[in-house]
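Below is one structure; the comments refer to it alone.
The values are calculated or read from the model by the stated rules, or taken from the named source; none is laboratory data. The structure presented is a predicted model; accordingly, all values stated were derived computationally and were not measured. Cβ placement follows ideal geometry from the backbone for every residue including glycine, while neighbour counts extend to all protein chains displayed. Accessible surface is based on the protein model in full, side chains and every heavy atom, while ligands, DNA and RNA are left aside. Shrake-Rupley method; radii C 1.70, N 1.55, O 1.52, S 1.80 Å.
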Amino acid sequence: MRHIEPYRARRVRLLEAMEAGVAVVPTAPERLRNRDSDYLYRFDSYFYYLTGFPEPDALLVLVAGSKPKSVLFCREKNPERELWDGYRHGFEAARDTFGFDEAHPIAELDTKLPELLANQPTLFFAPGMDPAWDARVMGWLNQVRAKARMGVVAPADIRDIRSILDEMRLVKDEHEIATMRRAAELSAGAHVRAMRAARPGMMEYEIEAELLHEFRRHGAQFPAYWPIVASGPNACVLHYRENDRLMGEGDLLLIDAGGELDGYAADITRTFPVSGTFNGPQRAIYELVLAAQTAAAAQVKPGNRWDMPHEAAVKVIAQGLIDLGLCTGTLDSVIESEDYKRFYMHRTGHWLGLDVHDAGDYKESGEWKLLRPGMTLTVEPGCYIRPAENVPEEFWNIGVRIEDDALVTENGCELITAAAPKTVADIEALMRDARSV
Ligand code: GLY
Ligand code: MN
Ligand code: MN
């Protein structure tokens, strides 16, 4: 069943926040991959957040004020094109099915928009997101201005609609949380499948195929980003994506992969030994990263600053690196000098939602934002040890990241991706079990 109420409620909230004026929110264009062949279509996240409408060539207009209304522009029915490319709602059915007050063919955009913008105080738009839309919107404004002598007034203010929408998108509603839970669950299942499948002698891309298979078979329309299947030294390449190495007996395998379901991303990393058993140094680094993740997750709770999980992770990792002889000095000095960054060079998380690195600021008036119930973020510390003269050889090429998706609750957080095992005991038990059948 199609849920239209959450989208309508978001439009109402946006209209209230606007107070007066007109908002213009286009969806993403189709993009050519090579001659006659498009990339699989993905709507714009802002547009989808407000409409739930999945087709390309569409644009939402919201008119705020005493008589607020939402207007969709989209493709008309076209039996010939539908024969080749598939179903189109058409503007009338789209209006009724998705709950807009009005709808018009997208072909009427250039005549209707100057009318809609006339005598409005403010235009809400996302300037700079797409030069083609920037130019088109300026053209509509100029058409309104050209009617000045007839007494028509053009919007005096142009405001970036993202400042309102980003703040809304930071706190997920029930519908979003339910979708994210499903995305998290199926993505956790893909990591379990990968752990069960992995064997020395396989290629990384064979594991990539297991992940993609599991995402799709549970309805995920896309991977939320291209899976990282990084064995051995590749685990120390943060954005490794070739996934074409032969996996060896003694390798760790770092998998960063999540599905996108109905627009919402999951983002999970698990690291495990291809052989099914961690060796001593691998286990030491793994336990350290897991302890850092546990400490970071404990800081994900309402009222805590955004950077508190990161600070907690850095403390644990820096101390662990000192204990293992990989950094020297006191905890304070290693943190102060940032020496730990030789091994832990990224931050501990990001907002998660329609975009993998989701919309929303991290600071407000110069201060880190405070966490609130309904926010969703990743918790993903790591440790990456490249061969170097001053590093004992036993640690070379160990790369570990552990990443879960956290939902901030009233009292703390829930890791919605927890179904993917992550203790040494649970991982080794799962892999043993997979080998016994
Ligand atoms: N997979 C992208 C990230 O972890 O941020
Ligand atoms: Mn992430
Ligand atoms: Mn990730």
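Below, the figures for the structure above:
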| read-out | value |
| --- | --- |
| Pairs where the first residue, in segment 6-35, is farther than 18 Å from residue 121 by Cβ and the second is of a type in the set (Lys, Arg) and open to solvent by 20 Å² or more (accessible area, probe 1.4 Å), C-beta under 6 Å, 6+ apart | none |
| Options 186, 170: the member that is open to solvent by less than 10 Å² (accessible area, probe 1.4 Å) and touching a Phe, Trp or Tyr at 6+ places or on another chain (Cβ under 7 Å) | 170 |
| Unique match (being touching a residue at least 12 places away in the same chain (Cβ under 8 Å), aliphatic (A, V, I, L, M), out of contact with any Lys or Arg (no Cβ under 6 Å at 6 or more places or on another chain) and open to solvent by less than 20 Å² (accessible area, probe 1.4 Å)) among 292, 284 | 292 |
| Single unsatisfied condition, residue 233 versus (1) assigned to a strand (DSSP E or B); (2) away from ligand 3 (no atom under 11 Å from the Cβ) | (1) |
| Residue, least open to solvent (accessible area, probe 1.4 Å), within segment 90-119, restricted to residues that are assigned to a loop (DSSP other than H, G, I, E, B) and farther than 22 Å from residue 10 by Cα | 90 |
| Unmet requirement for residue 57, which otherwise passes all of (1) closer than 13 Å to residue 4 by Cβ; (2) in contact with a Lys or Arg (Cβ under 6 Å, 6 or more places away or on another chain); (3) open to solvent by 20 Å² or more (accessible area, probe 1.4 Å); (4) not aromatic (Phe, Trp, Tyr) | (1) |
| Residue list for segment 262-281, restricted to those being touching a residue at least 60 places away in the same chain (Cβ under 8 Å) and either within 16 Å of ligand 1 (Cβ to nearest atom) or polar (S, T, N, Q) (or both) | 264, 265, 266, 267, 268, 269, 270, 271, 275, 277 |
| Residue check for residue 194: exposed (fewer than 15 other Cβ atoms within 10 Å of the Cβ) and outside any loop (DSSP other than H, G, I, E, B) | no |
| Filtered residues of segment 354-376 (kept if in a strand (DSSP E or B) and more than 16 Å from ligand 3 (Cβ to nearest atom)) | 363, 364, 367, 368, 370, 375 |
| Long-range neighbours under 7 Å by Cβ, at least six apart or interchain, first residue on the phi > 0 side of the Ramachandran plot and at pLDDT below 95 within segment 390-417, second part of a strand (DSSP E or B) and crowded, with 19+ Cβ neighbours inside 10 Å | none |
| Number of positions in segment 244-278 that are open to solvent by 20 Å² or more (accessible area, probe 1.4 Å) and within 13 Å of ligand 2 (Cβ to nearest atom) | 0 |
| Residue identified as within 16 Å of ligand 3 (Cβ to nearest atom), part of a loop (DSSP other than H, G, I, E, B) and touching a residue at least 24 places away in the same chain (Cβ under 8 Å) among 184, 220 | 220 |
| Number of the exception - residue 212 against (1) surrounded by fewer than 21 Cβ atoms within 10 Å (Cβ to Cβ); (2) away from ligand 1 (no atom under 16 Å from the Cβ); (3) part of a helix (DSSP H, G or I) | (2) |
| In segment 343-391, the residues that are within 14 Å of ligand 1 (Cβ to nearest atom), of a type in the set (A, V, I, L, M, F, W, C) and surrounded by 15 or more Cβ atoms within 10 Å (Cβ to Cβ) | 351, 352, 356, 377, 379 |
| Answer residue from segment 307-342, given it is crowded, with 23+ Cβ neighbours inside 10 Å and under 25 Å from the mean Cα position of the chain (by Cα) and is farthest from residue 416 (Cα to Cα) among those | 314 |
| Candidate set from segment 383-403 (those that are touching a helix residue (DSSP H, G or I) at 6+ places or on another chain (Cβ under 6 Å) and not in a loop (DSSP other than H, G, I, E, B)); member that is farthest from ligand 2 (Cβ to nearest atom) | 394 |
